[in-house]
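What follows draws every value from the coordinates through simple rules; no lab data is involved. Model, not experiment: these values are computed from the prediction. Methodologically, a virtual Cβ is constructed for each residue, glycine included, from the backbone with ideal geometry; neighbour enumeration extends over all protein chains shown.
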Amino acid sequence: MNHLIAPSLLSADFSHLAQDIEMINRSEADWLHLDIMDGVFVPNISFGFPVLQHVAQLCTKPLDVHLMIVQPEKFIPEVKALGAMMMNVHYETCTHLHKVVGGIHDAGMKAGVTLNPATPVCLLADIVRDVDMVLLMAVNPGFGGQKFIEHTIDKVHELRELIAKTGSKAVIEVDGGVNLDTGRRLVEAGADVLVAGNAVFKAADREAMIRKLKEL
């Protein structure tokens, strides 16, 4: 497939959220990426479900919900209620990851699993067949605007090999430090979905930036 673009709402202007979502709706973006943070697993708090309910009502793009929280399985019903297409949980927060993935599927959503920068791809060998997507963090999660970690390129190659070896249908998403340069290299390495925050929302012409990222 051609690679997809998922702008990250974390980088939007929260005082003009409706306008920013309308921009996403008009644009060539494929998904809207939503980062939920709890101040425990990551050193920040983003937005909760009352805000996301309004986002879901306004957004016409599929919702890619990334839970950077402990015990994400507790919130499967809330994520489902948003109408989310994808619920993404961190490998590092799930003691019983296979059970969590099953619960997400039972709720009718696609299941993703995320790896922090220091978590090796090989740890996914026993779960990669069961997930719809793997998200590789190219920065340490918690804040936008961080510098891209170069080793992520190698991890994309490694993950692509693991997916081929196991016959998994999982797509590869990358989040953190994505711009026109890193995005091009990630797509060349085998990434299927690029999450872009500051690259989109800090651009002078945000819809044009989304289009350029799509054309990489």
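Can you name the residue in region 55-111 that is more than 20 Å from Phe41 (Cβ to Cβ) and part of a strand (DSSP E or B) and, of all such residues, is farthest from the chain's Cα centre (by Cα)?
Here the residue is Lys110.
Identify, please: which residue in region 197-216 is over 23 Å from Ile172 (Cβ atoms) and of a type in the set (A, V, I, L, M) and is, among those, surrounded by the most Cβ atoms within 10 Å (Cβ to Cβ)?
Ala203
Looking at region 3-22, which of its residues are buried (at least 18 other Cβ atoms within 10 Å of the Cβ) and either assigned to a helix (DSSP H, G or I) or of a type in the set (Asp, Glu) (or both)? So that I can check it myself, show each step before the final result.
Kept after step one, since they are buried (at least 18 other Cβ atoms within 10 Å of the Cβ), are these residues of region 3-22: 3-12, 20-21.
Selection gives Leu9, Leu10, Ser11, Asp20, Ile21.
Name every residue in region 22-49 that is within 12 Å of Pro62 (Cα to Cα) and in contact with a strand residue (DSSP E or B) (Cβ under 8 Å, 6 or more places away or on another chain), in order of residue number. Quick ask: steps written out before the conclusion?
At the first step, the residues of region 22-49 found to be within 12 Å of Pro62 (Cα to Cα) are 24-25, 29-34.
The answer is Ile24, Ala29, Asp30, Trp31, Leu32, His33, Leu34.
Limited to region 94-142, what total is found for residues that are exposed (fewer than 15 other Cβ atoms within 10 Å of the Cβ) and acidic (Asp, Glu)?
The number of residues fulfilling the criteria is 2.
Going through region 165-196 one residue at a time, which ones are touching a strand residue (DSSP E or B) at 6+ places or on another chain (Cβ under 7 Å), in a loop (DSSP other than H, G, I, E, B), buried (at least 23 other Cβ atoms within 10 Å of the Cβ) and of a type outside the set (A, V, I, L, M, F, W, C)?
Within region 165-196, Gly176 is the sole residue that qualifies.
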